[in-house]
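Here's the structure, in structure tokens; my notes come after.
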Amino acid sequence: MSSLQRTILKSKLPPTIPGGRIGRADSFKKSRIRDYKPCMWNEFFAEKEDIVVDEQRTFRIYRTKKPEKPGPTLLLLHGGGYSALTWAHFCSEVTSMIHSQCLCIDLRGHGDSKVDDEDDLSADTLSKDIGDLLTKLYPEDMPQIYVVGHSMGGAIAVHFAYMALVPTLIGITVIDVVEGTAMEALASMQSFLRSRPKYFQSIPNAIEWCIRSGQVRNVDSAKVSMPGQIINCTTNQLATNDLPLPDEVLEEAHHTSMFPNAFSISEDEESPAGEEGATGEDFKKPITTKAATDAAKNYTWRIDLAKSEKYWVGWFSGLSDKFLNLRLPKQLLLASIDGLDRTLTVGQMQGRFQMQVLARCGHAVHEDRPHEVAEVISGYLIRNRFAEAAGEFRCHMPSC
């Protein structure tokens with residue numbers, strides 16, 4: 001079972017205590033006082049910019065500072081529903097290990113990018129967006145580009161490389177997306193999307209949900225990535241535009257949790273009609289987590305992923321063959337060894353790409369373990385002589 005399938009199934013379980021073991025008082029107490037204060041983009045990136053490709057398309061990008069020595073540009077593509085800020089901690093880690101610059105893009109319909117047709121999320125359209133954006137950014141001297149993509153972004157990275165839209169592409173890393181397991185998970189995707197809360201009372205509440213639901217296991221990463229996934233219901237602007245939050249908002253959020261009790265199980269409301277004792281004057285209708293969440297409709301999701309269902313098959317169909325047929329150095333990072341399909345299993349045995357499995361992490365591998373992912377990708381770039389080590393970073397041989 002792939003990590004994506006496990007994430008979908010886990011959405012039906014009651015909320016857990018992040019970072020602690022049930023039964024230990026100190027762990028329980030620590031989880032009660034966890035800080036969910038959101039972080040700003042400028043703690044991780046040197047600049048952000050809105051790039052106008054044409055009259056219909058404007059894309060938000062984030063870049064780290066230029067390297068001290070010549071190095072590649074890492075083009076980072078986020079997964080469906082995420083934003084460029086999902087790469088924040090990874091960028092800090094990888095640029096400290098190798099001489100390189102990170103370029104993170106809010107894809108069409110995500111983050112702060114603005115296009116006329118946000119519903120067109122086909123693989124060809126997204127790939128063309130990336131190619132046109134790079135041409136606009138580097139009209140004359142395009143640097144060496146190494147593309148890294150997670151989930152949907154990994155599928156788009158393969159399509160982008162397969163279409164050969166830029167001449168300086170030197171390699172690709174795909175994170176936790178495989179055709180076989182992705183196609184199997186699509187059957188449960190709508191159920192998974194319906195299980196998510198539609199609204200959040202505040203940005204810290206959204207970060208808390210992100211951690212307790214298991215979408216991201218690294219609270220520091222969730223603090224910067226989650227605001228890029230939701231919008232303010234009043235202004236219709238991305239939640240990052242509301243940062244930094246006033247002290248009174250943070251104080252209120254600290255005392256208002258989406259999960260009043262760490263061990264509580266949210267249940268569907270039942271009609272009291274016809275039940276003994278249910279119609280008495282002393283009866284009080286229980287307030288469930290879902291009801292409490294929907295009552296405070298301050299923030300909601302930036303993109304309605306359910307509407308993109310018609311493009312899902314196009315993202316992943318034929319992905320394994322396209323990946324193997326790329327005439328580029330290729331790397332695949334997985335959260336589970338069970339994630340390989342038959343085509344990639346054969347390809348891996350033939351040595352057609354490098355595979356690395358990172359344990360103890362969820363589907364958002366690069367958010368849960370940014371340091372380890374940065375180490376793996378940095379080592380791969382150094383071994384292929386695409387980049388030079390920065391500082392005292394030591395390149396390790398790959399292993400499963």
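Just a few scattered comments:
- Proximal charge balance of Lys307 [Cβ under 10 Å; K/R count +1, D/E count -1]: -3
- Linear extension gain, His371 paired with Asp120, 0.36 nm per residue minus alpha-carbon span: 87.0 nm
- Residues of the range 115-237: accessible area per residue with a 1.4 Å probe, Å²: 35 Å²
- Computed lengthening from Leu328 to Glu392, 0.36 nm per intervening residue step minus Cα-Cα distance: 20.2 nm
- Of Lys37/Lys307; Lys198/Lys223; Lys198/Lys307; Lys37/Lys297; Lys48/Lys114; Lys66/Lys114, those spanning more than 22 Å from alpha-carbon to alpha-carbon: Lys37/Lys307; Lys66/Lys114
- Highest mean first, the peptides 76-88, 174-186, 239-251 sorted by other C-beta atoms within 10 Å per residue fall in the order 76-88, 174-186, 239-251.
- Environment charge of Leu238, counting only residues whose C-beta is closer than 11 Å and scoring Lys/Arg +1, Asp/Glu -1: 0
- The range 315-400: radius of gyration and largest Cα-Cα distance (Dmax), Å: 13.7, 42
- Straight-line reach from Lys69: taking Cα to Cα under 18 Å and skipping same-chain neighbours fewer than 8 places apart, the aspartates and glutamates in range are Glu93, Asp141, Glu388, Glu392.
- One Cα centroid belongs to the range 144-202, the other to the range 321-400; the line between them spans 15 Å.
- Of the trypsin sites (Lys or Arg not before Pro) in the range 340-400, the ones in a loop by DSSP (not H, G, I, E or B) with at most 13 other beta carbons within 10 Å are Arg360, Arg385, Arg394.
- Burial order of peptide ranges 134-142, 66-74 (average beta-carbon count within 10 Å, highest first): 66-74, 134-142
- The distance between label points at Thr235 and Gln56 comes to 2.9 nm (points 7 Å beyond Cα on the Cα→Cβ vector).
The values are calculated or read from the model by the stated rules, or taken from the named source; none is laboratory data. In this text, all values refer to a predicted model and were calculated from it rather than measured experimentally. Cβ atoms come from the backbone with ideal geometry, glycine included; neighbour counts cover every protein chain shown. When the accessible area is computed, the model is the full protein with side chains, heavy atoms only, and any ligands, DNA or RNA have been set aside. Shrake-Rupley method; radii C 1.70, N 1.55, O 1.52, S 1.80 Å.
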